[in-house]
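The values are calculated or read from the model by the stated rules, or taken from the named source; none is laboratory data. In this text, all values refer to a predicted model and were calculated from it rather than measured experimentally. Backbone-built Cβ (ideal geometry, glycine too); neighbour counts: all protein chains shown. Only protein heavy atoms, including side chains, enter the accessible area calculation; ligands, DNA and RNA are left aside. Shrake-Rupley method; radii C 1.70, N 1.55, O 1.52, S 1.80 Å.
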Amino acid sequence: MKGNKRIKFTFLIMSIISLSLLLTSVITVYRIGLNSMSTSYINKDQWNFIEPNFYKSTRFDKSVLPAILLGIEVDLYGEKVDYYSEYGYIDAESLNDVKFIAFDKNSQKYVTNTVYKNIDDFKKNINGYVDISFNTVDGKYIKKVGNKENEINNHYDNVVPNINSSMEVYISIPKNLEKGDSLYSEYYFYEKDFQSIKVLKFIGFISSIVFLISMIIYLFIKAEPIDKNSEILKYYSKIPLEIIIFLLGYLMIFMIDLISYTYMDWFAICIFMVSVFTWISCIILFSKQIKYFDKKIDILKTSFIVSIILNFVKNIKDGIKASKRISLIRKIFIIGIGCIIINLCSLIFGYGGAIIVSCIIVSIFTAYILKKLTYLSEIMDGTEKIKNGDLDYKIPIKDDDNFTLLAENINNIGQGLENSIEDALKSERMKAELITNVSHDLKTPLTSIINYIELIKKEKNIEPDYINDYIKVLDSKSKRLKVLIEDLFEASKASSGNLEINMDKIELRQLLRQSIGEMEEKILESNLDIRLNLPEDKVYIYADGRRMYRVLENLLSNIIKYSLNNTRVYIDLNVNEDKVTLIMKNISSYELNFDPVEIMERFKRADESRNTEGSGLGLAIAKDLVNLQGGKFHIEIDGDLFKSVLEFDELNQDE
């Protein structure tokens with residue numbers, strides 16, 4: 001399904017891109033043709049939407065020819081009317097290949113870039129590919145392109161700007177222009193735009209095919225490329241509605257402005273295509289966003305302005321509701337409304353004294369608020385102290401308002417928390433004392449049982465023989481029970497802190513080697529390979545040697561009982577930044593599917609079936625003993641790797 005969504009999303013993007021290219025090509029060709037590249041209606045032969053002949057195009061008749069005529073008029077009369085300046089004109093002196101003659105019928109003045117001094121001689125001797133005759137007196141405009149001649153009445157059609165009413169002009173343009181001629185650049189750009197139109201037509205044709213294929217495949221794939229939980233829709237939904245509407249409106253205006261250009265500009269076309277792509281994408285995402293709303297009106301909730309209004313209304317409602325319980329809010333509301341009314345009155349009636357009164361009220365109110373906020377700060381400081389464990393701290397009680405009630409409630413919470421902690425500690429002590437007393441009471445009869453079993457074992461010729469098997473079972477189970485009771489007794493004392501601790505400077509390397517040496521026989525029986533990684537220098541810590549030995553013994557016993565046979569056990573002793581860390585790592589023979597904190601609880605065992613020996617107290621005792629000696633103990637589990645980590649402060653040799 002995810003693969004189908006990705007494929008459909010890809011074809012959606014392809015559809016948007018191809019549609020953007022298609023629209024860009026069609027609109028650009030249409031607007032450029034409509035504005036400047038269609039056949040001018042002056043030419044009464046075949047009409048083309050995109051005219052291949054520059055001299056028959058709308059651009060020539062509406063843009064280039066008026067500029068030439070205005071340039072000749074300026075050359076003839078020596079000045080240029082401001083009204084014509086908006087059109088721009090081509091300087092007559094820059095027309096090298098274009099030949100012209102202009103004659104003023106009133107003053108008999110003429111201007112030409114040829115040797116001929118009258119229009120008749122000019123017409124007889126100069127014939128170009130394009131010949132244009134313009135007579136303002138008769139209002140006739142004759143244009144010959146090649147062998148085709150067209151004549152229109154300029155008074156009626158208003159084809160070119162109104163040049164001087166007494167001027168007659170004749171212009172002859174050769175078929176091939178040289179680069180030095182001013183008209184050449186216009187001709188060159190037209191030819192370039194004509195080739196670009198061909199490229200755009202090809203792009204439009206290809207993009208239309210790609211669009212159709214992409215849309216067919218998109219509709220065929222049964223998946224939703226943009227669902228309610230898609231990342232792109234989540235990011236889009238964060239954009240305020242106003243920004244989306246502004247972006248769509250701005251892009252629309254921007255695109256309309258771009259397509260009004262007369263000339264072809266590839267940079268503008270690319271910008272237009274990107275704008276179309278963005279516009280279509282926004283519309284699609286906007287429709288998807290509305291689709292997934294339970295109510296279509298909920299789209300307004302994405303509006304920044306609507307959100308502000310809704311929050312303002314909500315705050316007003318909450319404030320009114322809260323003001324019924326908290327007098328301070330009511331006072332703030334009343335004073336705020338009062339100040340607004342006073343200021344409005346001063347603006348309407350022009351009473352300056354109202355502003356002074358308003359300032360006095362605001363000043364008094366500000367002082368009142370600062371006083372209350374100062375007391376609130378004291379309450380916050382007191383809460384922080386209680387949170388950090390100072391349960392005896394009491395927040396001072398001031399005045400008689402909502403803050404006072406808050407301070408009293410916090411004080412009561414602190415007192416209640418202190419009582420709860422005392423009750424919990426008392427209950428824990430009672431449990432520990434109960435376990436200690438029960439363990440002590442069990443030791444006496446158990447000792448008697450063990451002693452009697454020892455006496456029975458010394459008897460000879462016990463009949464029948466299977467009684468000896470019973471004796472062995474009793475001996476084994478009684479000794480295990482003894483160990484369990486001793487562990488329970490010690491665990492109870494360690495957890496309650498009722499254990500005598502004799503702290504002294506001990507050398508941890510030596511104690512670790514001694515512990516391993518005394519358990520060497522059991523280690524060999526379990527086929528474990530102990531790998532020690534100890535520093536060369538002696539490592540000292542401040543601890544109880546006897547209790548520390550018990551910790552190491554418990555950890556090593558745990559390793560022997562629960563390690564996978566024929567595996568390595570790594571014991572690392574590290575000293576770093578005045579901290580001594582002892583890490584014991586072994587591979588468990590059981591699946592370690594429990595929490596590291598949970599395994600350190602009393603009676604919790606890795607072997608849930610309890611097929612192995614052990615009381616489930618070893619790690620709990622080790623943890624309590626380490627804590628009593630000022631150290632830290634924790635367990636880490638990584639797959640089947642079991643790690644016991646002890647941490648103590650290093651003691652310098654000189655201490």
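Key figures for this structure:
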| quantity | calculated |
| --- | --- |
| Computed E for ARG531/GLU231 - FRET, C-beta separation, R0 35 angstrom, nearest 0.05 | 0.10 |
| Where labels lie 7 Å past Cα in the beta-carbon direction, separation of ILE50 and ASP423 in nm | 9.1 nm |
| Potential extension, GLU518-SER94 segment - 0.36 nm per residue separation minus Cα distance | 141.3 nm |
| Entries of LYS238/LYS291; LYS8/LYS288; LYS234/LYS314; LYS62/LYS124; LYS99/LYS175 with Cα pairs more than 18 Å apart | LYS234/LYS314; LYS62/LYS124 |
| Spin-label pair ILE334/GLU191, simplified geometry with 7 Å Cα→Cβ offset, distance in nm | 9.0 nm |
| Placed amide H near ASP544: partners under 5 Å, 5+ positions off or other chain | ASP504 |
| Solvent-accessible surface ranking, highest first, for TRP266, TRP47, TRP279 at 1.4 angstrom | TRP47, TRP266, TRP279 |
| Probe 1.4 Å, all protein chains present, accessible-area order of TYR542, TYR190, largest first | TYR542, TYR190 |
| Dimensions (Å) - region 187-228, Cα atoms, principal axes, largest first | 55, 21, 5 |
| Inter-label distance for ILE216 and LYS643, nm, one decimal - labels placed 7 Å from Cα along Cα-to-Cβ | 6.1 nm |
| By average C-beta atoms within 10 angstrom, highest first, the peptides 34-41, 238-245, 520-527, 267-274 | 34-41, 267-274, 238-245, 520-527 |
| Mean shadow area of region 172-313, taken as a quarter of the surface of its Cα convex hull (nm²) | 14.0 nm² |
